[in-house]
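Quick note: the coordinates plus some simple rules give every number you see, no bench work behind them. Not measured: the values here are computed from a predicted model. Here Cβ is always computed from backbone atoms with ideal geometry, including for glycine, and neighbour counts include all displayed protein chains.
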Amino acid sequence: MSRTILFNKPYDVLSQFTDKGTEGSTRRTLSDFIDVPKVYSAGRLDRDSEGLLVLTSDGRLQQQIANPKNKWPKTYWVQIEGTPSEDAISRLRKGVELKDGMTRPAGVDRMDEPDWLWPRTPPIRVRKSIPDSWLRLTIKEGRNRQVRRMTAAVGHPTLRLIRYAVGDWTIDGLLSGQWNDAPLHRLPGKPSAR
């Protein structure tokens, strides 16, 4: 029987079970948190990003989630530098030009920082002269460091990036570094079974 796990990946953790970096490296990996055999990451989450990482033993599900052709929605909470104008929000919604081409349209809304959000270690850099803001951004593609490049393209560098959801699966109820088995009664991006 296949198994699917939802993991709230902390900042500065690699999205793999072993560190193939330099010899003697002490970077944290998934094996520091998860001791479940034969589950593999369905997609990646950068070392400096936090939030939902789906791991599964189901190869077909892994491919469905990881392959951008399947257009699974991924929702991020993005703390950005500055306060975006309506024009900047509109550009993100329509798609922005990056070095590797135009992005697909994104779902973008302003949001308040969630009151239950865990502190990041180390904390983000704060500049007293520049405010920060939060956006909820949903994309259906997965280019390398895409969300960070999108916000930078509209003049608002990302300070903190948390993946909140993959399809219908979310980090609700998971503290940073915690994991649980995914609900079996639904598949991400599809209506709940009745």
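Odds and ends about this structure:
- Test: residue in segment 45-60 that is more than 27 Å from Ala182 (Cβ to Cβ) and touching an Asp or Glu at 6+ places or on another chain (Cβ under 7 Å): no
- Residue in segment 174-190 that is within 29 Å of Arg3 (Cα to Cα), of a type in the set (A, V, I, L, M) and touching an Asp or Glu at 6+ places or on another chain (Cβ under 9 Å) present: yes
- Looking across segment 107-141, just one residue is among the polar types (S, T, N, Q) and under 18 Å from Thr170 (Cβ atoms), and that is Thr138.
- Qualifying residue in segment 68-84 (condition: in contact with a Gly (Cβ under 9 Å, 6 or more places away or on another chain), among the polar types (S, T, N, Q) and loosely packed, with under 15 Cβ neighbours inside 10 Å): yes
- Selection over segment 143-176 of residues that are of a type in the set (Gly, Ala, Ser) and surrounded by fewer than 16 Cβ atoms within 10 Å (Cβ to Cβ) gives a count of 2.
- Against the numbered list (1) assigned to a loop (DSSP other than H, G, I, E, B); (2) within 17 Å of the chain's Cα centre (by Cα), Trp77 comes up short only at (1).
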